[in-house]
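Reading through the structure tokens given below for one structure.
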Amino acid sequence: MNIFSIGFPLTLVLGMWIFWVGLADILNQYQPLATDALQFLRDLARAR
């Protein structure tokens with residue numbers, strides 16, 4: 001069996017798993033930033 005037929009899919013699966021685990025906490029950090037940005041845009045629209 002060729003080493004690439006095992007290593008390449010294993011690398012892809014491992015990379016996707018690391019990406020998934022890494023993104024798990026992004027929403028908790030992004031949500032306050034998005035809330036502040038939207039509030040700023042609301043305030044900016046009211047200033048007119």
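Please determine whether any residue of region 18-33 is of a type in the set (Asp, Glu) and assigned to a helix (DSSP H, G or I).
No; the residues of region 18-33 include none that is of a type in the set (Asp, Glu) and assigned to a helix (DSSP H, G or I).
Here's the yes/no breakdown for (1) surrounded by 10 or more Cβ atoms within 10 Å (Cβ to Cβ); (2) hydroxyl-bearing (Ser, Thr, Tyr); (3) touching a helix residue (DSSP H, G or I) at 6+ places or on another chain (Cβ under 8 Å); (4) without any contact (Cβ under 8 Å) to a residue 24 or more places away in the chain:
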{"position": "3", "(1), (2), (3), (4)": "no, no, no, yes"}
{"position": "8", "(1), (2), (3), (4)": "yes, no, no, yes"}
{"position": "11", "(1), (2), (3), (4)": "yes, yes, no, yes"}
{"position": "15", "(1), (2), (3), (4)": "yes, no, no, yes"}
{"position": "18", "(1), (2), (3), (4)": "yes, no, no, yes"}
{"position": "21", "(1), (2), (3), (4)": "no, no, no, yes"}
{"position": "25", "(1), (2), (3), (4)": "no, no, no, yes"}
{"position": "33", "(1), (2), (3), (4)": "no, no, no, yes"}
{"position": "39", "(1), (2), (3), (4)": "yes, no, no, yes"}
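Among the residues of region 1-17, how many are at pLDDT 90 or above and part of a loop (DSSP other than H, G, I, E, B)?
Residues meeting the conditions: 0.
The values are calculated or read from the model by the stated rules, or taken from the named source; none is laboratory data. Keep in mind that this is a model prediction, so the values were computed, not measured. Ideal geometry is used to build each Cβ from the backbone, glycine not excepted, and the neighbour counts take in all protein chains shown.
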